[in-house]
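The values are calculated or read from the model by the stated rules, or taken from the named source; none is laboratory data. Keep in mind that what you see is a predicted model, and the values were worked out from it rather than measured. Here Cβ is always computed from backbone atoms with ideal geometry, including for glycine, and neighbour counts include all displayed protein chains.
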Amino acid sequence: MPDRYDVVIIGAGPGGYVAAIRAAQLGLKTACIECRASLGGTCLNIGCIPSKALLQSSEKFVEAGHALAEHGVKVGEVGLDLGVMMGRKDKVVTTLTRGVEFLFRKNKVDWLKGKGRIVAPGRLAVTGSDGTGREVEATSIIISTGSESTRLPGIDIDEKRIVSSTGALSLDRVPERLTVIGAGYIGLELGSVWQRLGAKVTVIEVLDHIVPNMDGELGTALQRVLTRSGLDFKLGTKVVGIREANDGLSLELDGAERQTLAADVVLVAIGRRPYTEGLGLESVSVALDQQGRVVVDDGFATNVPGIYAIGDVGPRSPRSARPRRNSTRQRSPTAPASSRSPPIRAPAPTAIPKGSSRSSPRARPTACSASTSSAPMPEP
Ligand SMILES: Cc1cc2nc3c(=O)[nH]c(=O)nc-3n(C[C@H](O)[C@H](O)[C@H](O)COP(=O)(O)OP(=O)(O)OC[C@H]3O[C@@H](n4cnc5c(N)ncnc54)[C@H](O)[C@@H]3O)c2cc1C
């Protein structure tokens, strides 16, 4: 007999782990399936947290090298120990991901280690890294499988010289020349880190402004600050190819004019796309929108009763999503899915821990492997 849960969540990123802990606190028998070796998803392992740790360390490096002297604070020659800096970043990540593990244990959330797949509404298969499998049953399933970096067609990421944000968080030396493709917040954040540590950083953006999804005035002000700190921008410019050159890589650019740009490392940061590969969504006919995101209503319910989706795998704003034309059993845009799928209910009465709120988890919240063919989701 498969184990039976009230709620099973697939993916333990900020969407999934928060949902899991909250559901358990509300008295629901809860499990969370995660295939990564540590909990916390993209954000804690290869996203927000390591990126912010390096931003903080690189800021201190710049401060020690330049800003302190202005205050009359003399320091000796400032040097960089990149290994120590990376070690600190890894420690921050480990502390936080273990913290989530602790919270799972404390709140009695079962971590089902492996890759989850929905085999039928209310039924999931979990395949461990050693290939062993098991099935579990759930009254409600929450898809929280996040997103992965969007690839540039024809450009292979080796995570050493042509890197995604994941590789850019773990370079083993400061590149002399770093080119960032994409002026979203991820490219700018990581570009800033390496510029502060000594790289000559050029940001290429196909649009005529940076941080495309943010307020225009904010983008202009941010570009001014970043230019002052040393980043170069080539806006309205498209990367049409990257090839090996004698002294590194050569990027072919198409903008106001055709030109080439030499680089030692190229960071591809053109956005993130929802990760739904191998989830079995087709077999249960969960509707996706044109960007490959799971379509949900205001209560995060999909078109299939008992299946919900949160975080990067769903739309930024549930209302903005429209079902993809080729998916079957789509919900009419006028008929909200919630009319079929009631919100997940906790058994009453439930002891709510002191200080916690009763609001439902609405965390906005990557993936075990491989890529999908879905369309890119622009970086915020
Ligand atoms: C460099 C960088 C910096 C960022 N900085 C910020 C920031 O400052 N602020 C911010 O708000 N956001 C930031 N983000 C974005 C943020 O990381 C994501 O929005 C957030 O992690 C999404 O959370 P999620 O729970 O939806 O998915 P994720 O965090 O992507 O977690 C999904 C989890 O599901 C697991 N999974 C996927 N498929 C399966 C499966 N079939 N079975 C089992 N497990 C599966 C994955 O292994 C992963 O652990 C940043 C991202 C990056 C890359």
Would a scan of segment 140-161 turn up a residue that is polar (S, T, N, Q), more than 14 Å from the ligand (Cβ to nearest atom) and farther than 27 Å from VAL268 by Cα?
-> yes
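Residue-by-condition table, conditions (1) at pLDDT 95 or above; (2) in a strand (DSSP E or B); (3) within 21 Å of SER164 (Cα to Cα):
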{"position": "LEU188", "(1), (2), (3)": "yes, no, yes"}
{"position": "GLN195", "(1), (2), (3)": "yes, no, yes"}
{"position": "GLY198", "(1), (2), (3)": "yes, no, yes"}
{"position": "LEU207", "(1), (2), (3)": "yes, no, yes"}
{"position": "MET214", "(1), (2), (3)": "no, no, no"}
{"position": "LEU253", "(1), (2), (3)": "yes, yes, yes"}
{"position": "LEU279", "(1), (2), (3)": "yes, no, no"}
{"position": "SER283", "(1), (2), (3)": "no, no, no"}
{"position": "VAL286", "(1), (2), (3)": "yes, no, no"}
What pairs can you find where one residue is in segment 195-208 and at positive phi, the other is aliphatic (A, V, I, L, M), and their Cβ atoms are less than 9 Å apart, with a gap of 6+ or different chains?
-> GLY198/LEU80; GLY198/VAL174
Residue, nearest to the chain's Cα centre (by Cα), within segment 300-326, restricted to residues that are at pLDDT 95 or above and more than 16 Å from the ligand (Cβ to nearest atom) = ALA301
Residues of segment 154-171 being touching a strand residue (DSSP E or B) at 6+ places or on another chain (Cβ under 8 Å) and among the hydroxyl-bearing types (Ser, Thr, Tyr), in sequence order, are SER164, SER165, THR166
In segment 69-85, what residues are out of contact with any Leu (no Cβ under 8 Å at 6 or more places or on another chain) and outside any loop (DSSP other than H, G, I, E, B)?
-> ALA69, GLU70, GLY83, VAL84
Every pair of residues 6+ apart whose Cβ atoms lie under 7 Å, when the first sits in segment 37-61 and is closer than 16 Å to LEU188 by Cα while the second is more than 8 Å from the ligand (Cβ to nearest atom) and hydroxyl-bearing (Ser, Thr, Tyr) | LEU55/SER192
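One line per residue, one yes/no per condition, for (1) under 21 Å from the mean Cα position of the chain (by Cα); (2) of a type in the set (Gly, Ala, Ser); (3) assigned by TED's automatic domain parsing to the domain that holds LEU103; (4) part of a helix (DSSP H, G or I):
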| position | (1), (2), (3), (4) |
| --- | --- |
| ALA12 | yes, yes, yes, no |
| ALA19 | yes, yes, yes, yes |
| GLY27 | no, yes, yes, no |
| ILE33 | yes, no, yes, no |
| LEU44 | yes, no, yes, yes |
| ALA64 | no, yes, no, yes |
Which residues, counting only those in segment 18-41, are touching a strand residue (DSSP E or B) at 6+ places or on another chain (Cβ under 6 Å) and surrounded by fewer than 24 Cβ atoms within 10 Å (Cβ to Cβ)?
-> ALA24, LEU28, LYS29, CYS35
If LEU112 passes every condition in (1) in contact with an Asp or Glu (Cβ under 6 Å, 6 or more places away or on another chain); (2) of a type in the set (A, V, I, L, M); (3) within 11 Å of the ligand (Cβ to nearest atom) but one, which one does it miss?
-> (1)
When THR132 is run through (1) more than 9 Å from the ligand (Cβ to nearest atom); (2) surrounded by 15 or more Cβ atoms within 10 Å (Cβ to Cβ); (3) over 21 Å from ASN45 (Cβ atoms), the failure sits at (2)
Return yes or no: is GLY122 loosely packed, with under 13 Cβ neighbours inside 10 Å, of a type in the set (Gly, Ala, Ser) and either at positive phi or within 12 Å of the ligand (Cβ to nearest atom) (or both)?
-> no
Members of segment 1-17 that are at pLDDT below 95 and either aromatic (Phe, Trp, Tyr) or crowded, with 24+ Cβ neighbours inside 10 Å (or both) | none
Inside segment 12-57, can you point out the residues that are more than 25 Å from LYS89 (Cβ to Cβ) and polar (S, T, N, Q)?
-> GLN25, THR30
Quick check: is even one residue across segment 68-89 at pLDDT 95 or above and touching a Pro at 6+ places or on another chain (Cβ under 8 Å)?
-> yes
Reported set for segment 228-254 where residues are within 19 Å of GLY154 (Cβ to Cβ), surrounded by fewer than 15 Cβ atoms within 10 Å (Cβ to Cβ) and among the small types (Gly, Ala, Ser) is GLY241, ALA245
Return yes or no: is GLY191 within 23 Å of the chain's Cα centre (by Cα) and in the same structural domain as VAL304 (by TED's automatic domain parsing)?
-> no
